[in-house]
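Read the structure below first, then the notes.
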Amino acid sequence: MSADRLSHELPRTPLDPATAASRAGKLTISTISLCGCWGCTLSILDIDERIVPLLDKLTILRSSLTDIKRIPERCALGFVEGGVANEENIETLEHFRERCDVLISVGACAIWGGVPSLRNPIGLGECLATAYLDAPTTPPGARPTIPLHPELPRLTAKVFPCHEVVQMDYFIPGCPPDGDAVFAVLDDAVHGRPLTLPRAVTRFD
């Protein structure tokens with residue numbers, strides 16, 4: 001997909017029956033943050049008071065601002081912020097793909113890997129060595145080690161954009177996207193219109 005198309009319109013995906021049925025009542029949405037800075041979540045908050053009228057037409061099942069780990073039921077629309085950098089990210093993204101009728105990559109990290117993907121040309125081993133074994137802040141005489149614990153997600157060899165792990169249906173570019181861009185997509189969705197993204201609300205800050 002060309003950068004020019006990303007900059008002014010989301011690709012069209014026909015609505016399946018489940019999505020169409022959900023839009024007949026309240027639209028269910030969920031959001032998740034993977035490997036990113038949470039700037040895209042703040043863009044959702046930048047919708048400000050405009051989200052209030054939409055609340056009569058949508059239900060938020062899961063939000064990045066809550067501690068809910070899984071979507072409790074089938075969801076019409078899922079927003080994914082951040083790229084895929086560890087095995088837990090993969091599991092979470094696959095769960096979202098299974099549960100969401102429509103899945104949207106939000107922001108540069110989700111679309112192409114963003115800043116976290118700058119480690120890709122260097123290699124995971126060298127990055128870990130620089131961060132933990134050869135760090136200039138290591139106290140003299142210390143025996144540094146790379147953290148390894150069952151509760152720490154295992155890093156992937158590279159950082160992947162979301163569409164290289166699962167099928168993504170739409171893309172909202174930006175670093176982070178403007179709140180107007182997120183609002184435009186939500187407003188189209190709750191009113192049953194094709195999801196489009198005007199060039200005027202797309203920019204990279």
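The values are calculated or read from the model by the stated rules, or taken from the named source; none is laboratory data. Note that the coordinates shown come from a computational prediction; the quantities given were computed from them, not determined experimentally. Counting neighbours? That spans all protein chains shown, and the Cβs are built from the backbone with ideal geometry, glycine included. Accessible surface is based on the protein model in full, side chains and every heavy atom, while ligands, DNA and RNA are left aside. Shrake-Rupley method; radii C 1.70, N 1.55, O 1.52, S 1.80 Å.
Things to note:
- A residue that is closer than 23 Å to Lys158 by Cα and crowded, with 16+ Cβ neighbours inside 10 Å cannot be found anywhere in region 49-67.
- Residue check for Ala142: among the aliphatic types (A, V, I, L, M), loosely packed, with under 11 Cβ neighbours inside 10 Å and over 23 Å from Ala85 (Cα atoms): yes
- When restricted to residues that are of a type in the set (Ser, Thr, Tyr) and either in contact with a strand residue (DSSP E or B) (Cβ under 7 Å, 6 or more places away or on another chain) or open to solvent by less than 40 Å² (accessible area, probe 1.4 Å) (or both), region 98-130 contains 2.
- None of Leu155, Leu103, Leu197, Leu186 is in contact (Cβ under 8 Å) with a residue 60 or more places away in the chain and touching a His at 6+ places or on another chain (Cβ under 8 Å) except Leu197.
- Test result for Val185, under 22 Å from Ser64 (Cα atoms), in contact with a strand residue (DSSP E or B) (Cβ under 7 Å, 6 or more places away or on another chain), surrounded by 13 or more Cβ atoms within 10 Å (Cβ to Cβ) and at pLDDT 90 or above: yes
- Reported count of residues in region 68-87, each being loosely packed, with under 15 Cβ neighbours inside 10 Å and over 13 Å from Leu27 (Cα atoms), is 5.
- Answer residue from region 129-147, given it is of a type in the set (Gly, Ala, Ser) and part of a loop (DSSP other than H, G, I, E, B) and is farthest from Arg119 (Cα to Cα) among those: Gly141
- One residue from Gly125, Gly141 being among the small types (Gly, Ala, Ser) and at pLDDT below 90: Gly141
- Those residues of region 156-174 which are buried (at least 19 other Cβ atoms within 10 Å of the Cβ) and not β-branched (Val, Ile, Thr), in sequence order: Phe160, Pro161, Cys162, Met168, Asp169, Tyr170, Phe171, Pro173, Gly174
- Out of Glu49, Glu81, Glu98, sole residue that is free of Cβ contacts under 8 Å to residues at least 12 places away in the same chain and closer than 22 Å to Gly174 by Cβ: Glu49
- Segments classed as strands (runs of 3 or more DSSP E), wholly inside region 1-97, with at least 2 members that are modelled with pLDDT under 90: 58-62
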